[in-house]
Amino acid sequence: MKSPLAKIADRRVLDASLVAVLLAGFFVADSFLDPFAMQIFKLCAINIILALSLNLLNGFTGLFSLGHAGFMSIGAFSCALLTMTAAQKQMNFFLKPIEPWLMNVTIPFLPALIISGLIAAFAGFLIGAPALRLRDDYLAIATLGFSEIIRVVFTNLQTVTNGSLGLKGLPRFTTMWWAWGVAAAVTVLMVSLVRSSYGRAFKAIRDNEIAAEAMGINVFRMKLLSFVISAFIAGIGGALLAHHLTTIDPKQFQFLKTFDVLLIVVLGGIGSISGSIIAAIVVTIMMEALRFLDGPLNLIFIQTEGTPGIRMVVFSVLLMAVILFRQQGLMGQKELSWDLLSKAGLLPRFKAKE
Amino acid sequence: METMLKTGKLTKTFGGLTAVSDLSIEIGKGEIVGLIGPNGAGKTTAFNLITGVYKPTSGSIEYKGRNIAGMKPHRITKLGTARTFQNIRLFKNMTVLENVLVAHHFRMGTNLAEAVLRLPSYLSKEKATREEAMKLLDSVGLAAAAGEPSTSLPYGKQRRLEIARALATDPKLLLLDEPAAGMNPQESHDLMDFILKIRDDFGLTILLIEHHMQVVMGVCSRMYVLDYGITIAHGNPADIRKDPKVIEAYLGVDVC
């Protein structure tokens, strides 16, 4: 006896039907989800993008980076400033006027998205070139410092970012199709990247840097490449987030934002694309679903009057449990594939025969 | 005979410790030369100098007449020097085939855009590379294990994979760091045949660090003996075997 999955020999049929089911699901979601659920649904896609970009560094190239909030912030502000109209800018910058050359720049969303990714990538190049000479914890500290510097600089660049007041009333460009479309594109590009010769070079550096260098791989250049790609994707993620929330200020992008993404990557499995995707969806939904914990609780013996942040304790406990009992995360370095599914489905039958 | 590798008064100090002192070796094309000496004699340091892992404190290293002292390891590999490691350094989370494919990366001549977009130009290079890698694995007897995780191989085969991976960089000069370490007599005997075979098949020049005397004496035409970083002897196997300084270094001097 074979499982029904194994009978369908052609994986392309499976791929095509998966895409069809997903597309149908999106159309259903688009017309039936209420506005609040839709917000969460879009946030899932944005978190997928951010998690994949961090996983490229932490999981595939073995670089422990904590600077993601910085790149997101750069992407968010770049995209906002590129798309807002002069009138919107004027309304925001009431304390000090905006730099005149920025006043009249208004371009459509897609080029703005790409440009903000490129600006974040350039920042990645500038910080990566010196910081990637460091290793392990030192790199983490340097990148963490970078993201805090970005936050402080943005808070004080009154004439560019409107300082701590931030930007309000951004055009609501991030529709479901934009969010999930970009998430799908990033996923496809990421899969083909890690499967390519470049992906193998990244993984070789992660596994053994000295050996990778002895195999003729320019380790520094490859690390920088990975860092720049990751910053590019993080910048795009930040831009999508900005136009999803429609309000941004530098304080949003502090260290905790990086931690949220890191949590997803660790839970999903460091070095697994499908793990990051699943964890991004689960964590994003749980963050909302557990919101009742922040409100007044009545646990018979213990009664609280509502403490904001209690739900984060759940995630801290979850993270500790993962570190203690399943360090590889949900998927480890494996990917969810048809092969893996059919193997999992077939296994009990084989055992029964013996 | 063309000189492949020549070091002149190569010296490396770590703080007050001189790991390698005035090492001057010369290896001609097609030779298999041994580098032996007791533990801590500076053999691996010499390898690390030649392959660019360390920068020499002083002295010169010439590969085919070109000074490579202080060059980055990946550039030295590109020029045609490959190595294996004393403590096996395979890419643990990758398959046997992938380990070899990594060594092909710099020769594929691909760019990021065509690789990520999976353009036909990239796919044909990828296919050719995979075929070449499989052929190489076949020639070292690892083709059957191509899809296995590299760490699942038995020890002897892991060493062989290290050599295969080094060969995939298309070297002219191969540096083997204790290839027979931890091998039983049968395995080390096979290894000797294997070293001679790859020398002929791939047109290699080989510099070999080895403790296993049978292997060294069996395959090397000449050898250098190091002790505390100093070259104490140089010659063919028969001379080395009789050299009193070598015997003293290995067995200790009679103090009574």
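In this rough spin-label picture, where each label sits 7 Å from Cα along the Cβ direction, the residue B:95-residue A:40 distance is 4.0 nm. As I understand it, the value is the acute angle between the Cα axis of helix B:155-167 and the longest principal axis of the Cα atoms of chain B; what does it come to in degrees, rounded to 10? That helix lies at roughly 70 degrees to the long axis.
For chain A, the longest principal axis of the Cα atoms and the long axis of helix A:197-207 meet at an angle of about 90 degrees.
Sorting B:197, A:257 by the number of Cβ atoms found within 10 Å of their own Cβ, with the fewest placed first, yields B:197, A:257.
With the simple spin-label model, which puts each label point 7 Å out from Cα in the Cβ direction, the residue A:105 to residue A:172 separation comes to 2.7 nm. Per residue, the average separation of C-alpha pairs within less than 8 Å and at least 6 apart gives segment A:33-353 a relative contact order of 30 percent.
Each Cα pair under 8 Å and six or more residues apart adds its separation to the average, and for segment A:235-354 the resulting relative contact order is 28 percent. Annotation: amide H-H contacts under 5 Å for residue B:5 (H modelled 1.01 Å from N, sequence separation of 5 or more, or interchain): B:27, B:64. The fraction of all Cα pairs in segment A:14-94 landing in successive 10 Å bins from 0 to the largest distance is 14, 25, 31, 25, 5, 0, given as whole percents. Counting neighbouring Cβ atoms within 10 Å and putting the fewest first, the residues A:220, A:202, A:292 line up as A:292, A:220, A:202.
Taking other residues whose beta carbon is less than 9 angstrom from the beta carbon of residue B:181, and scoring Lys, Arg as +1 and Asp, Glu as -1, yields -2. Each Lys and Arg Cβ is given +1 and each Asp and Glu Cβ -1; about its Cα centre, the protein assembly as shown then shows a dipole of about 780 debye. Give the shape of segment A:99-216 as rounded, prolate or oblate, defined through the alpha-carbon gyration tensor: a ≥ b ≥ c are the square roots of its eigenvalues, a/c under 1.5 means rounded, and otherwise the shape is prolate if a/b is larger than b/c and oblate if not. Oblate. Contact order, relative form, for segment A:1-110: 15 percent (alpha carbon pairs under 8 Å, 6 or more residues apart, mean separation divided by residue count).
Between residue A:157 and residue A:24, take the C-beta separation as r, use R0 = 41 Å, and let me know the FRET efficiency to the nearest 0.05. So the FRET efficiency works out to roughly 0.35. Residue order for A:106, B:129, A:161, fewest other beta carbons within 10 angstrom first, comes to A:106, B:129, A:161. When chain A is treated as a GNM with alpha-carbon contacts under 10 Å, the residue of A:14, A:50, A:165 showing the greatest mean-square fluctuation is A:14. Comparing mean-square fluctuations of A:336, A:81, A:241 from a GNM of chain A with C-alpha springs under 10 Å, the top value falls on A:336. The calculated FRET efficiency for residue A:90 paired with residue A:299, based on their beta-carbon distance and R0 = 45 Å, is about 0.30. Taking Lys and Arg as +1 and Asp and Glu as -1, the other residues whose beta-carbon sits under 14 Å from that of residue A:229 total +2. Sequentially through segment B:44-54, phi angles give Karplus couplings (6.51, -1.76, 1.60; θ = phi - 60°) of 5, 4, 4, 4, 5, 6, 5, 9, x, 5, 10 Hz, Gly and Pro residues having no value and appearing as x. Per residue, the Cα convex hull of the protein assembly as shown amounts to 246 Å³.
Per-residue Karplus couplings for segment A:43-57, computed as 6.51 cos²θ - 1.76 cosθ + 1.60 with θ equal to phi - 60°, are listed in order as 4, 4, 4, 5, 5, 4, 4, 5, 5, 4, 5, 6, 5, 4, 6 Hz, Gly and Pro entered as x.
In whole angstrom, how far apart do the alpha carbon centroids of segment A:82-121 and segment B:186-256 sit? For segment A:82-121 versus segment B:186-256, the Cα centre distance is 70 Å.
Here the Gaussian network model covers chain B, with springs between Cα atoms less than 10 Å apart; of B:177, B:201, B:138, B:201 fluctuates the most. With semi-axes defined as the square roots of five times the eigenvalues of the C-alpha gyration tensor, the equivalent ellipsoid of segment A:155-202 measures 35, 19, 5 Å, largest first. Here the calculated FRET efficiency for residue B:67 and residue B:39, from their Cβ-Cβ distance with R0 = 35 Å, stands at 0.70, rounded to the nearest 0.05. Projecting the Cα positions of A:56, A:261, A:157 onto the charge dipole of segment A:33-353 (unit charges on Cβ atoms of Lys, Arg, Asp and Glu, taken about the Cα centre) puts A:56 furthest along the positive direction. Each residue of segment A:261-275 is assigned a 3J(HN,Hα), and the resulting list reads 5, 4, 4, 4, 5, 5, 5, x, x, 6, x, 10, 5, 5, x Hz, derived from the Karplus form 6.51 cos²θ - 1.76 cosθ + 1.60 (θ = phi - 60°), x at Gly and Pro. Under conditions of 37 °C and 0.692 mPa s, segment B:132-233 yields 225 µm² s⁻¹ as its translational diffusion coefficient, taking Rh as the Kirkwood radius over Cα pairs in the Stokes-Einstein equation.
With each label modelled as a point 7 angstrom along the Cα→C-beta vector, the residue A:221-residue A:325 pair spans 4.7 nm. When only alpha carbons are used to place a centre, segment A:162-180 and segment B:32-111 end up 51 Å from one another.
Computed from the alpha carbon atoms alone, the convex hull of segment A:33-353 holds 181 Å³ per residue.
Bear in mind that the values in this text are calculations on the coordinates, not laboratory data. Bear in mind that the values here come from a model prediction, so they are computed numbers and not experimental data. Cβ sites come from the backbone with ideal geometry, for glycine too, and all protein chains shown count toward neighbours.
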